[in-house]
Amino acid sequence: MQPAKIVDLFAGPGGLDVAAEKLNIPTVGVEWDAAACATREAAGLETKQGDVRRFGPSDFPDADVLAGGPPCQTFTVAGTGVGRKALDTVLGFVERMVARENHDEIAEDLAMMEDERTGLVLEPLRWALEAIDSGNPYRAIVLEQVPAVLPVWKAYAKALRKEGYSAECGVLRTEEYGVPQTRRRAVLIARVIREGEDEVTLPRPTHRIYRKGVDQEAGDTRFKPWRTMADVIDRPSPFLVISNYGTGGNPKARGRRGSWEPSATVTGKIRRNRVVSADGAETELRRFNHSEAGRLQTFPGDYPWSGRDVGQQIGNAVPPRLAMHVLCAAFGLGTPTDEMLQRLETWRSGEVPGPSVEAELPSKELQYA
């Protein structure tokens, strides 16, 4: 499958878009946050700044692939947990939307939810169903979120199969795809299967699972060793990262990772993590800058982070290397080659093409607000 263009909902600073552009697939992102849009503008990524709920497939007629990573704060362990508590309610909304119940009634009920961000996880389904009902279904759909959202993706997959898609979903470990970080993401891939095409499958791992205390070279020889922080961050000597968060339920027992290991999950508070020498003295070292934090997420080292709260932008993003594996699986391209993955090492080499962040000019009724 050779897609024409991807419309990326909740696009953030461009994690998926970076991977797509390196595959020579144009993208347009829909993102409301001004800070993330500043980074996208600096990177030359096409963007529509505004609320995803104010748009639909007809606003992006040249896009034949739908992607998205809805806000995860209400679903994460570190968040309020509102999304997890409301999971049954969200699944009920999925059934109602698939049954094509009245839009206004659904919108009224969504407005009654305790945290409006929880309902945003339903937006990709709205877009997909609107495209199907218009007679121009998306050829492929790619979605990612925290693992707690997997039941929603399973409901999506079930609904999309009934609409003629091949669909698969599951939880992927980022270190199994060469990301120097342990992070788990719930991913859904769906595609309209044409004659001669295989059914959709999740991307095959290329690297070993990280196990604390297990040697990097140990394990299944069919897979490459997991990548380390030292593989992407150039420091003169080994270092330890002491997490801002407690571990094992004890807030005083800070998690620790050495530079010879993958990073723990990169969050928006990565600047709070201490970096110390690994020589036993634990001398305080410079904390990670934006470029280093971005590289742990597999963004290019020269990615032009801009705007406010860059740490949060980085922590919220999908790792481009994982996104490249997922996109290749979605398009039936197999496992990315080393040459394809190496393109992620640098961004534009100083060349910033095109515009563009186009601000939203509301012109239609808010759907599912």
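Rule-based calculations on the coordinates, nothing more; no lab input. For clarity, every value in this text was computed on a predicted model and none was experimentally measured. Because the Cβ atoms are built from the backbone with ideal geometry, glycine has one as well, and the counts that use them run over all protein chains shown.
Listing for the model above:
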read-out: Cα principal axis extents for segment 229-313, largest first, Å; value: 35, 30, 19
read-out: Principal semi-axes in Å for segment 176-289 [√(5λ), Cα gyration tensor, largest first]; value: 33, 17, 13
read-out: Cleavage-rule hits, GluC sites (Glu not before Pro), segment 25-67, DSSP coil, Cβ neighbours within 10 Å at most 13; value: none
read-out: Interchain or long-range residues, amide H under 5 Å from W226's placed H; value: R208
read-out: Antiparallel bridges, percent of DSSP beta bridges restricted to the chain (to nearest 5); value: 55
read-out: Reach of K154 by Cα under 17 Å, taken over aspartates and glutamates that are not fewer than 8 positions away in the same chain; value: D88, E95, E123, E144, E163, E168, E199
read-out: Cβ-based charge dipole, the chain, positive-most Cα from N24, V200, S243; value: S243
read-out: Segment 92-249 - convex hull of alpha carbons, volume per residue in Å³; value: 176
read-out: Stokes-Einstein D for the chain, Kirkwood Rh over Cα pairs, 37 °C, 0.692 mPa s (µm²/s); value: 155
read-out: Pairs from K48/K269; K158/K224; K158/K269; K85/K158 whose Cα-Cα separation, in the structure shown, is over 31 Å; value: K158/K224; K158/K269
read-out: Interchain or long-range residues, amide H under 5 Å from I6's placed H; value: T27, V28
read-out: J(HN,Hα) series, segment 139-149, from Karplus relation 6.51 cos²θ - 1.76 cosθ + 1.60, nearest Hz, glycine and proline x; value: 5, 8, 9, 10, 10, 9, 6, 5, x, 4, 8
read-out: Residue-averaged 222 nm ellipticity for the chain, from DSSP H runs of 4+ at -39500 (n - 2.57), nearest 500; value: -7500 deg cm²/dmol
read-out: Rg over Rh, two decimals, segment 169-242 (C-alpha only, Kirkwood Rh); value: 1.10
read-out: Computed FRET value (nearest 0.05) for R100 with S291, which takes r as the C-beta separation and R₀ as 45 Å; value: 0.40
